[in-house]
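Visitor: Mind looking over this structure? Questions follow.
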Amino acid sequence: MDATVEELMHRRTLPDEALRTLLESEDTSLADSLHRAAREVTDARFGKRIWLRALVEWSSVCRNDCLYCGIRRGNRKAERYTLSAAEILSACERAYRHGLRTFVLQGGENPSGAEALVPVVEQLRARWPDAAITLSLGELPFDLYARLRRAGADRYLLRHESASPRLYASLHPAGMTLAHRLACLDELRRLGFQVGSGVMVGAPDQRTEDLIADIRYLERFSPDMIGLGPFIPHRDTPFGHFPAGSAETTLRLYSILRLMHPDAMIPSTTALSALHPGGKLAGILAGANVIMPNFTPPIQREAYSLYNGKPTTDGAESLTDMIGELAAAGYTIDPGRGDCIKN
Ligand code: SAH
(Lines give C-alpha, C1' and ligand atoms only; values in the text may rest on other atoms or scores of the structure.)
Protein backbone atom coordinates (compact mmCIF):
# COMPACT_ATOMS: atom_id res chain seq x y z
CA MET A 1 0.00 0.00 0.00
CA ASP A 2 1.15 3.54 -0.76
CA ALA A 3 2.67 5.20 2.34
CA THR A 4 0.42 8.30 2.21
CA VAL A 5 -2.68 6.14 1.94
CA GLU A 6 -1.47 4.00 4.81
CA GLU A 7 -0.94 7.10 6.93
CA LEU A 8 -4.46 8.32 6.13
CA MET A 9 -5.90 4.91 6.98
CA HIS A 10 -4.21 4.79 10.39
CA ARG A 11 -4.22 8.43 11.48
CA ARG A 12 -7.55 9.35 9.84
CA THR A 13 -6.04 12.66 8.79
CA LEU A 14 -3.25 14.05 6.60
CA PRO A 15 -1.51 17.38 6.09
CA ASP A 16 -2.91 19.60 3.31
CA GLU A 17 -0.11 18.86 0.87
CA ALA A 18 -0.66 15.10 1.10
CA LEU A 19 -4.41 15.59 0.55
CA ARG A 20 -3.58 17.69 -2.50
CA THR A 21 -1.43 14.87 -3.89
CA LEU A 22 -4.22 12.32 -3.38
CA LEU A 23 -6.71 14.60 -5.14
CA GLU A 24 -4.51 15.71 -8.02
CA SER A 25 -1.95 12.99 -8.73
CA GLU A 26 -1.95 11.52 -12.23
CA ASP A 27 -0.49 8.30 -10.86
CA THR A 28 -3.35 5.83 -11.28
CA SER A 29 -1.69 3.31 -8.99
CA LEU A 30 -1.98 5.86 -6.16
CA ALA A 31 -5.72 6.25 -6.86
CA ASP A 32 -6.09 2.45 -6.97
CA SER A 33 -4.33 2.13 -3.65
CA LEU A 34 -6.59 4.82 -2.15
CA HIS A 35 -9.77 3.08 -3.36
CA ARG A 36 -8.56 -0.34 -2.17
CA ALA A 37 -7.82 1.00 1.32
CA ALA A 38 -11.24 2.69 1.49
CA ARG A 39 -12.97 -0.56 0.50
CA GLU A 40 -10.99 -2.50 3.05
CA VAL A 41 -12.04 -0.08 5.81
CA THR A 42 -15.69 -0.05 4.64
CA ASP A 43 -15.88 -3.84 4.41
CA ALA A 44 -14.24 -4.27 7.83
CA ARG A 45 -16.68 -1.81 9.42
CA PHE A 46 -19.90 -2.80 7.63
CA GLY A 47 -19.24 -6.33 6.44
CA LYS A 48 -20.02 -6.00 2.72
CA ARG A 49 -23.52 -4.70 3.42
CA ILE A 50 -25.27 -1.85 1.63
CA TRP A 51 -28.21 0.18 2.95
CA LEU A 52 -31.04 1.48 0.76
CA ARG A 53 -32.84 4.83 1.20
CA ALA A 54 -36.05 5.62 -0.68
CA LEU A 55 -35.74 9.08 -2.19
CA VAL A 56 -39.04 10.96 -2.43
CA GLU A 57 -38.66 14.31 -4.17
CA TRP A 58 -41.59 15.96 -2.44
CA SER A 59 -41.53 19.46 -3.99
CA SER A 60 -39.79 21.52 -6.68
CA VAL A 61 -41.03 24.82 -5.20
CA CYS A 62 -38.05 26.82 -3.95
CA ARG A 63 -37.60 30.34 -2.57
CA ASN A 64 -33.86 30.13 -3.02
CA ASP A 65 -31.76 31.01 -6.03
CA CYS A 66 -28.58 28.89 -5.88
CA LEU A 67 -26.74 29.51 -9.13
CA TYR A 68 -26.14 25.83 -9.93
CA CYS A 69 -29.57 24.41 -9.26
CA GLY A 70 -32.27 23.74 -11.87
CA ILE A 71 -35.16 24.36 -9.46
CA ARG A 72 -33.83 27.79 -8.37
CA ARG A 73 -36.50 30.44 -8.04
CA GLY A 74 -35.13 32.37 -11.01
CA ASN A 75 -35.70 29.47 -13.42
CA ARG A 76 -39.07 30.35 -14.96
CA LYS A 77 -39.00 27.21 -17.06
CA ALA A 78 -38.87 24.88 -14.06
CA GLU A 79 -42.05 22.93 -13.55
CA ARG A 80 -43.31 23.37 -9.99
CA TYR A 81 -45.17 20.69 -8.04
CA THR A 82 -45.63 19.61 -4.45
CA LEU A 83 -46.67 16.06 -3.63
CA SER A 84 -49.80 15.72 -1.53
CA ALA A 85 -49.73 13.89 1.78
CA ALA A 86 -51.47 10.95 0.06
CA GLU A 87 -48.83 10.85 -2.70
CA ILE A 88 -46.00 10.90 -0.13
CA LEU A 89 -47.63 8.13 1.87
CA SER A 90 -48.16 5.98 -1.18
CA ALA A 91 -44.54 6.47 -2.34
CA CYS A 92 -43.33 5.45 1.14
CA GLU A 93 -45.70 2.51 1.23
CA ARG A 94 -44.28 1.27 -2.05
CA ALA A 95 -40.75 1.70 -0.70
CA TYR A 96 -41.64 -0.15 2.50
CA ARG A 97 -43.10 -3.04 0.50
CA HIS A 98 -39.82 -3.23 -1.40
CA GLY A 99 -38.08 -3.65 1.95
CA LEU A 100 -36.67 -0.14 2.35
CA ARG A 101 -36.49 1.17 5.92
CA THR A 102 -35.47 4.78 5.34
CA PHE A 103 -37.61 7.40 3.61
CA VAL A 104 -35.83 10.55 2.44
CA LEU A 105 -38.10 13.52 1.76
CA GLN A 106 -36.14 16.03 -0.29
CA GLY A 107 -37.19 19.25 -1.94
CA GLY A 108 -36.74 22.92 -2.64
CA GLU A 109 -36.45 25.36 0.23
CA ASN A 110 -39.99 26.33 1.03
CA PRO A 111 -40.81 26.98 4.70
CA SER A 112 -44.60 27.10 4.31
CA GLY A 113 -44.57 23.85 2.35
CA ALA A 114 -42.32 22.35 5.00
CA GLU A 115 -44.84 23.38 7.70
CA ALA A 116 -47.36 21.18 5.95
CA LEU A 117 -44.94 18.28 6.24
CA VAL A 118 -45.12 18.24 10.05
CA PRO A 119 -48.36 16.18 10.14
CA VAL A 120 -47.11 14.04 7.23
CA VAL A 121 -43.99 13.15 9.22
CA GLU A 122 -46.26 12.29 12.18
CA GLN A 123 -48.28 9.96 9.98
CA LEU A 124 -45.20 8.27 8.55
CA ARG A 125 -43.83 7.83 12.07
CA ALA A 126 -47.06 6.29 13.35
CA ARG A 127 -47.56 4.01 10.38
CA TRP A 128 -44.00 2.69 10.08
CA PRO A 129 -42.36 2.86 13.52
CA ASP A 130 -39.47 0.72 12.30
CA ALA A 131 -38.48 3.04 9.44
CA ALA A 132 -36.16 6.05 9.62
CA ILE A 133 -37.34 9.41 8.30
CA THR A 134 -34.74 11.67 6.71
CA LEU A 135 -35.46 15.23 5.60
CA SER A 136 -33.56 17.40 3.13
CA LEU A 137 -35.45 20.68 2.90
CA GLY A 138 -32.76 23.32 3.07
CA GLU A 139 -32.49 26.16 5.57
CA LEU A 140 -35.64 26.49 7.68
CA PRO A 141 -36.53 28.46 10.81
CA PHE A 142 -35.06 26.67 13.83
CA ASP A 143 -38.45 26.21 15.48
CA LEU A 144 -39.64 24.38 12.37
CA TYR A 145 -36.60 22.08 12.52
CA ALA A 146 -37.58 21.40 16.14
CA ARG A 147 -41.20 20.63 15.23
CA LEU A 148 -40.14 18.28 12.42
CA ARG A 149 -37.85 16.52 14.87
CA ARG A 150 -40.63 16.18 17.45
CA ALA A 151 -42.97 14.89 14.73
CA GLY A 152 -40.58 11.96 14.35
CA ALA A 153 -37.90 12.84 11.79
CA ASP A 154 -34.60 11.13 12.59
CA ARG A 155 -32.09 12.56 10.14
CA TYR A 156 -31.43 15.71 8.13
CA LEU A 157 -29.28 16.18 5.03
CA LEU A 158 -27.97 19.69 4.44
CA ARG A 159 -24.85 19.87 2.33
CA HIS A 160 -22.64 22.74 3.42
CA GLU A 161 -21.88 23.13 -0.36
CA SER A 162 -18.50 24.80 0.26
CA ALA A 163 -16.52 25.65 3.37
CA SER A 164 -14.64 28.37 1.52
CA PRO A 165 -16.35 31.75 1.98
CA ARG A 166 -15.17 32.91 -1.49
CA LEU A 167 -16.58 29.88 -3.31
CA TYR A 168 -19.72 29.72 -1.16
CA ALA A 169 -20.48 33.32 -2.15
CA SER A 170 -19.95 32.65 -5.84
CA LEU A 171 -22.33 29.65 -5.80
CA HIS A 172 -25.14 31.38 -3.94
CA PRO A 173 -27.24 34.54 -4.17
CA ALA A 174 -26.45 37.58 -2.02
CA GLY A 175 -28.01 37.10 1.39
CA MET A 176 -27.19 33.40 1.70
CA THR A 177 -24.17 32.97 3.95
CA LEU A 178 -21.86 30.13 4.82
CA ALA A 179 -22.10 31.17 8.47
CA HIS A 180 -25.86 30.63 8.46
CA ARG A 181 -25.61 27.32 6.61
CA LEU A 182 -23.16 26.07 9.26
CA ALA A 183 -25.37 27.44 12.06
CA CYS A 184 -28.24 25.35 10.64
CA LEU A 185 -26.04 22.25 10.72
CA ASP A 186 -25.08 22.92 14.36
CA GLU A 187 -28.71 23.45 15.30
CA LEU A 188 -29.84 20.24 13.56
CA ARG A 189 -27.26 18.33 15.53
CA ARG A 190 -28.28 20.03 18.79
CA LEU A 191 -31.87 18.95 18.14
CA GLY A 192 -30.73 15.33 17.99
CA PHE A 193 -30.93 14.69 14.25
CA GLN A 194 -28.35 12.47 12.64
CA VAL A 195 -26.86 15.05 10.31
CA GLY A 196 -25.47 14.76 6.80
CA SER A 197 -23.35 17.30 4.99
CA GLY A 198 -21.21 17.45 1.87
CA VAL A 199 -20.47 19.20 -1.40
CA MET A 200 -20.64 19.16 -5.18
CA VAL A 201 -17.32 18.25 -6.74
CA GLY A 202 -16.11 20.35 -9.67
CA ALA A 203 -18.45 23.29 -9.15
CA PRO A 204 -17.44 26.33 -11.24
CA ASP A 205 -14.31 27.99 -9.81
CA GLN A 206 -13.76 25.26 -7.21
CA ARG A 207 -10.05 24.70 -6.60
CA THR A 208 -8.22 21.92 -4.80
CA GLU A 209 -7.70 24.19 -1.77
CA ASP A 210 -11.48 24.60 -1.58
CA LEU A 211 -11.94 20.82 -1.45
CA ILE A 212 -9.27 20.67 1.25
CA ALA A 213 -11.26 23.30 3.22
CA ASP A 214 -14.32 21.03 2.82
CA ILE A 215 -12.37 18.04 4.08
CA ARG A 216 -11.28 20.09 7.11
CA TYR A 217 -14.82 21.29 7.84
CA LEU A 218 -16.12 17.71 7.70
CA GLU A 219 -13.24 16.60 9.92
CA ARG A 220 -14.30 19.13 12.58
CA PHE A 221 -18.04 18.57 12.22
CA SER A 222 -17.86 14.78 11.97
CA PRO A 223 -21.17 14.24 10.11
CA ASP A 224 -23.21 11.05 10.41
CA MET A 225 -23.77 11.05 6.66
CA ILE A 226 -21.69 12.50 3.83
CA GLY A 227 -23.27 13.44 0.49
CA LEU A 228 -20.96 14.00 -2.47
CA GLY A 229 -21.67 14.20 -6.15
CA PRO A 230 -20.15 15.88 -9.17
CA PHE A 231 -21.54 19.24 -10.29
CA ILE A 232 -23.60 18.77 -13.46
CA PRO A 233 -24.78 21.84 -15.40
CA HIS A 234 -28.46 22.63 -15.87
CA ARG A 235 -29.09 24.62 -19.06
CA ASP A 236 -31.58 27.06 -17.52
CA THR A 237 -29.23 28.27 -14.77
CA PRO A 238 -26.38 30.84 -14.78
CA PHE A 239 -23.95 27.90 -14.62
CA GLY A 240 -25.46 26.13 -17.61
CA HIS A 241 -22.36 26.63 -19.77
CA PHE A 242 -19.82 25.32 -17.25
CA PRO A 243 -18.37 21.82 -17.62
CA ALA A 244 -19.44 19.03 -15.27
CA GLY A 245 -17.20 18.01 -12.38
CA SER A 246 -14.95 14.99 -12.59
CA ALA A 247 -16.25 11.55 -11.63
CA GLU A 248 -12.65 10.54 -10.91
CA THR A 249 -12.13 13.34 -8.35
CA THR A 250 -15.52 12.53 -6.81
CA LEU A 251 -14.45 8.91 -6.33
CA ARG A 252 -11.14 9.96 -4.75
CA LEU A 253 -13.04 12.16 -2.31
CA TYR A 254 -15.32 9.23 -1.41
CA SER A 255 -12.25 7.24 -0.51
CA ILE A 256 -10.47 10.03 1.39
CA LEU A 257 -13.60 10.79 3.41
CA ARG A 258 -14.28 7.12 4.09
CA LEU A 259 -10.77 6.71 5.52
CA MET A 260 -11.30 9.81 7.68
CA HIS A 261 -14.86 8.83 8.74
CA PRO A 262 -15.01 5.04 9.00
CA ASP A 263 -18.49 5.06 10.61
CA ALA A 264 -20.22 7.52 8.27
CA MET A 265 -23.07 6.52 6.00
CA ILE A 266 -21.98 7.59 2.50
CA PRO A 267 -24.36 7.25 -0.45
CA SER A 268 -23.13 6.53 -3.95
CA THR A 269 -25.13 9.41 -5.42
CA THR A 270 -27.40 9.75 -8.43
CA ALA A 271 -25.30 12.63 -9.82
CA LEU A 272 -22.30 10.29 -9.95
CA SER A 273 -24.24 7.67 -11.90
CA ALA A 274 -25.61 10.40 -14.19
CA LEU A 275 -22.04 11.17 -15.26
CA HIS A 276 -20.53 7.73 -15.19
CA PRO A 277 -22.47 4.67 -16.46
CA GLY A 278 -21.10 2.28 -13.81
CA GLY A 279 -21.07 5.08 -11.23
CA LYS A 280 -23.21 3.43 -8.59
CA LEU A 281 -20.96 0.44 -8.21
CA ALA A 282 -17.81 2.54 -8.67
CA GLY A 283 -18.97 4.67 -5.71
CA ILE A 284 -19.47 1.56 -3.58
CA LEU A 285 -16.06 0.24 -4.56
CA ALA A 286 -14.54 3.60 -3.55
CA GLY A 287 -16.02 3.45 -0.03
CA ALA A 288 -19.73 4.37 -0.23
CA ASN A 289 -22.20 2.09 1.61
CA VAL A 290 -25.64 3.51 0.76
CA ILE A 291 -27.79 3.63 -2.37
CA MET A 292 -30.83 5.87 -2.77
CA PRO A 293 -33.33 4.48 -5.28
CA ASN A 294 -35.84 7.05 -6.46
CA PHE A 295 -39.45 6.42 -5.36
CA THR A 296 -40.85 9.75 -6.59
CA PRO A 297 -43.83 9.17 -8.91
CA PRO A 298 -42.45 9.24 -12.51
CA ILE A 299 -44.16 12.48 -13.63
CA GLN A 300 -42.76 14.54 -10.76
CA ARG A 301 -39.42 12.74 -10.98
CA GLU A 302 -38.97 14.31 -14.39
CA ALA A 303 -39.91 17.78 -13.07
CA TYR A 304 -37.46 17.57 -10.14
CA SER A 305 -34.58 18.57 -12.35
CA LEU A 306 -31.55 19.86 -10.43
CA TYR A 307 -29.25 19.18 -13.41
CA ASN A 308 -29.61 17.88 -16.96
CA GLY A 309 -29.25 14.19 -17.69
CA LYS A 310 -30.64 12.95 -14.37
CA PRO A 311 -31.49 9.25 -14.72
CA THR A 312 -35.27 8.85 -14.64
CA THR A 313 -35.34 5.06 -14.43
CA ASP A 314 -33.17 5.02 -11.38
CA GLY A 315 -35.81 3.90 -8.95
CA ALA A 316 -37.98 1.08 -7.83
CA GLU A 317 -38.12 -0.11 -11.47
CA SER A 318 -34.41 -0.90 -11.55
CA LEU A 319 -34.03 -2.04 -7.94
CA THR A 320 -33.76 -5.73 -8.82
CA ASP A 321 -31.04 -5.04 -11.39
CA MET A 322 -29.18 -2.84 -8.94
CA ILE A 323 -29.31 -5.50 -6.21
CA GLY A 324 -28.13 -8.08 -8.76
CA GLU A 325 -25.20 -5.89 -9.73
CA LEU A 326 -24.21 -5.43 -6.10
CA ALA A 327 -24.56 -9.17 -5.42
CA ALA A 328 -22.25 -9.92 -8.34
CA ALA A 329 -19.66 -7.70 -6.63
CA GLY A 330 -20.16 -9.57 -3.33
CA TYR A 331 -22.46 -7.08 -1.56
CA THR A 332 -25.81 -7.77 0.09
CA ILE A 333 -28.58 -5.42 1.15
CA ASP A 334 -28.99 -4.94 4.88
CA PRO A 335 -32.69 -4.98 5.85
CA GLY A 336 -32.32 -2.50 8.75
CA ARG A 337 -32.63 1.28 9.06
CA GLY A 338 -28.90 1.80 8.80
CA ASP A 339 -28.39 4.46 11.48
CA CYS A 340 -24.92 5.90 11.84
CA ILE A 341 -23.35 4.32 14.92
CA LYS A 342 -20.09 5.95 15.87
CA ASN A 343 -17.57 3.59 17.39
N1 SAH B 1 -33.12 22.41 -1.02
C2 SAH B 1 -32.38 21.42 -0.27
C3 SAH B 1 -32.08 20.19 -1.09
C4 SAH B 1 -31.23 20.57 -2.25
S5 SAH B 1 -31.05 19.44 -3.54
C6 SAH B 1 -31.13 22.06 0.28
O7 SAH B 1 -30.93 23.26 0.08
O8 SAH B 1 -30.38 21.41 0.97
C9 SAH B 1 -29.76 18.42 -2.93
C10 SAH B 1 -28.37 18.71 -3.42
O11 SAH B 1 -28.29 18.62 -4.82
C12 SAH B 1 -27.83 20.08 -3.14
O13 SAH B 1 -27.40 20.17 -1.80
C14 SAH B 1 -26.71 20.23 -4.15
O15 SAH B 1 -25.45 19.91 -3.57
C16 SAH B 1 -27.09 19.21 -5.24
N17 SAH B 1 -27.26 19.87 -6.54
C18 SAH B 1 -28.04 20.93 -6.84
N19 SAH B 1 -27.82 21.32 -8.12
C20 SAH B 1 -26.90 20.48 -8.63
C21 SAH B 1 -26.23 20.38 -9.88
N22 SAH B 1 -26.47 21.23 -10.87
N23 SAH B 1 -25.33 19.39 -10.05
C24 SAH B 1 -25.08 18.52 -9.06
N25 SAH B 1 -25.64 18.58 -7.84
C26 SAH B 1 -26.54 19.55 -7.63
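The values are calculated or read from the model by the stated rules, or taken from the named source; none is laboratory data. Since we're looking at a predicted model, the values are computed, not measured. Every residue, glycine among them, receives a Cβ derived from its backbone with ideal geometry; neighbour counts consider all protein chains shown. Areas reflect the complete protein model, heavy atoms only, side chains present, ligands, DNA and RNA absent. Shrake-Rupley method; radii C 1.70, N 1.55, O 1.52, S 1.80 Å.
Visitor: Which one of THR82, LEU8, PRO277 has its Cα pushed farthest toward the positive end of the charge dipole of the chain, where Lys and Arg give +1 and Asp and Glu give -1 at the Cβ?
Guide: Towards the positive end, the residue furthest out is THR82.
Visitor: Report the relative contact order of the stretch 1-142, percent, no decimals, based on alpha-carbon pairs under 8 angstrom and at least 6 residues apart.
Guide: Relative CO of the stretch 1-142 lands at 21 percent.
Visitor: Okay, moving on. Calculate for the chain the 222 nm mean residue ellipticity that helices alone would give, adding -39,500 (n - 2.57) per DSSP H run of length 4 or more and normalising by residue count, nearest 500 deg cm²/dmol.
Guide: About -13500 deg cm²/dmol.
Visitor: Over the stretch 42-334, give the accessible area per residue in Å² for a 1.4 Å probe, as an integer.
Guide: Normalised by residue count, the accessible surface of the stretch 42-334 is 36 Å².
Visitor: Could you look at the stretch 133-255 and say what percent of its accessible area is carbon and sulfur, using a 1.4 Å probe and all protein chains?
Guide: The value for the stretch 133-255 is 56 percent carbon and sulfur by accessible area.
Visitor: Which trypsin sites (Lys or Arg not before Pro) from the stretch 172-224 combine a DSSP loop assignment with at most 12 other Cβ atoms within 10 Å?
Guide: Answer in residue order: ARG207.
Visitor: Beyond 21 Å between alpha-carbons counts as too far, so tell me which of LYS48/LYS310; LYS310/LYS342; LYS48/LYS280 fall in that bin.
Guide: LYS48/LYS310; LYS310/LYS342
Visitor: Pairs of alpha-carbon atoms within less than 8 angstrom and 6+ residues apart define the contacts here; what relative contact order does the chain have, in percent? Don't skip to the answer; put the middle values down first.
Guide: Working: 637 pairs, mean separation 83.1, N = 343.
Normalised by residue count, the contact order of the chain is 24 percent.
Visitor: Let me ask something additional. So what is the relative contact order for the stretch 137-190, in percent, with contacts set as C-alpha pairs under 8 Å and at least six apart? If you can, show how the numbers build up before the last one.
Guide: Values: 24 pairs, mean separation 21.5, N = 54.
So the answer I get is 40 percent.
Visitor: Set Lys and Arg Cβ to +1 and Asp and Glu Cβ to -1, take the dipole of the chain about its Cα centre, and tell me which of GLY227, GLY287, THR250 lies farthest positive.
Guide: Of the listed residues, the answer is GLY227.
Visitor: Could you give the distance between the Cα centres of the stretch 65-120 and the stretch 180-235, to the whole Å?
Guide: For the stretch 65-120 versus the stretch 180-235, the Cα centre distance is 21 Å.
Visitor: Here's something else I'd like to know. Based on Cβ point charges of +1 for Lys and Arg and -1 for Asp and Glu, what charge dipole magnitude is obtained for the chain about its Cα centre, in debye rounded to the nearest 20?
Guide: 880 debye
Visitor: What cysteines in the chain have no other cysteine with a beta carbon less than 4.7 Å from their beta carbon?
Guide: CYS62, CYS92, CYS184, CYS340
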